[in-house]
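Engineer: Structure incoming, see below.
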Amino acid sequence: MKILRTGLHPSEGLLNGENLVAGPFDVSFGEMVTSALWKEDLQGWLEFNSIQAPEEGQLKRKLMIEVAQRHVNAAIGRNASNRKMLQEFFGEVKFVANPELLGREFKAVIW
């Protein structure tokens, strides 16, 4: 099933709580979801490639992640959470747009 949209339009009633009956509400719910999906993808890539955090004193390699233009911010993660997670494994983590990629496709280059 293809999901076209997540979340609700943040109307005045939702923002001030008047029309909120129950449950969690966050104006950036969609961003939170896409950030979490990217985190799963990136963690899966780390596991698939058996990438371990470097030992104390060991030089950290650099990582460049190429993603579709419209997914750069989501791939970096809310509050840069995905970049921070990857920095546990790599000294420098860079995200760049690649116009040839679609959806959540990505290419990773380690050096």
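Engineer: Could you list, in sequence order, all residues of the range 77-100 that are modelled with pLDDT under 95 and of a type in the set (Gly, Ala, Ser)?
Structural biologist: Of everything in the range 77-100, just one residue is modelled with pLDDT under 95 and of a type in the set (Gly, Ala, Ser), namely Gly91.
Engineer: Could you run through the range 54-76 and say how many residues are more than 18 Å from Leu101 (Cα to Cα) and either surrounded by fewer than 12 Cβ atoms within 10 Å (Cβ to Cβ) or within 11 Å of the chain's Cα centre (by Cα) (or both)?
Structural biologist: Counting residues in the range 54-76 that are more than 18 Å from Leu101 (Cα to Cα) and either surrounded by fewer than 12 Cβ atoms within 10 Å (Cβ to Cβ) or within 11 Å of the chain's Cα centre (by Cα) (or both) gives 5.
Engineer: Okay, next question. Of all the residues that make up the range 58-111, how many are among the basic types (Lys, Arg) and touching a His at 6+ places or on another chain (Cβ under 8 Å)?
Structural biologist: Count: 1.
Engineer: Hey, can you tell me all the residues within the range 42-53 that are assigned to a helix (DSSP H, G or I) and loosely packed, with under 15 Cβ neighbours inside 10 Å?
Structural biologist: Of everything in the range 42-53, those that are assigned to a helix (DSSP H, G or I) and loosely packed, with under 15 Cβ neighbours inside 10 Å turn out to be Gln43, Gly44, Trp45, Glu47, Phe48.
Engineer: Are any of the residues in the range 85-94 under 27 Å from Gly30 (Cα atoms) and either free of Cβ contacts under 8 Å to residues at least 12 places away in the same chain or in contact with a Gly (Cβ under 8 Å, 6 or more places away or on another chain) (or both)?
Structural biologist: Within the range 85-94, one or more residues are under 27 Å from Gly30 (Cα atoms) and either free of Cβ contacts under 8 Å to residues at least 12 places away in the same chain or in contact with a Gly (Cβ under 8 Å, 6 or more places away or on another chain) (or both).
Engineer: Inspect the range 20-32 for any residue being assigned to a helix (DSSP H, G or I), at negative phi and hydroxyl-bearing (Ser, Thr, Tyr) and give the result as yes or no.
Structural biologist: no
Engineer: If Gly103 passes every condition in (1) assigned to a loop (DSSP other than H, G, I, E, B); (2) modelled with pLDDT of 95 or more; (3) of a type in the set (Gly, Ala, Ser) but one, which one does it miss?
Structural biologist: Evaluating Gly103 over (1) assigned to a loop (DSSP other than H, G, I, E, B); (2) modelled with pLDDT of 95 or more; (3) of a type in the set (Gly, Ala, Ser) leaves (2) as the failure.
The values are calculated or read from the model by the stated rules, or taken from the named source; none is laboratory data. Model, not experiment: these values are computed from the prediction. A quick note on method: Cβ atoms are made from the backbone with ideal geometry, for glycine too, and the neighbour counts reach across all protein chains shown.
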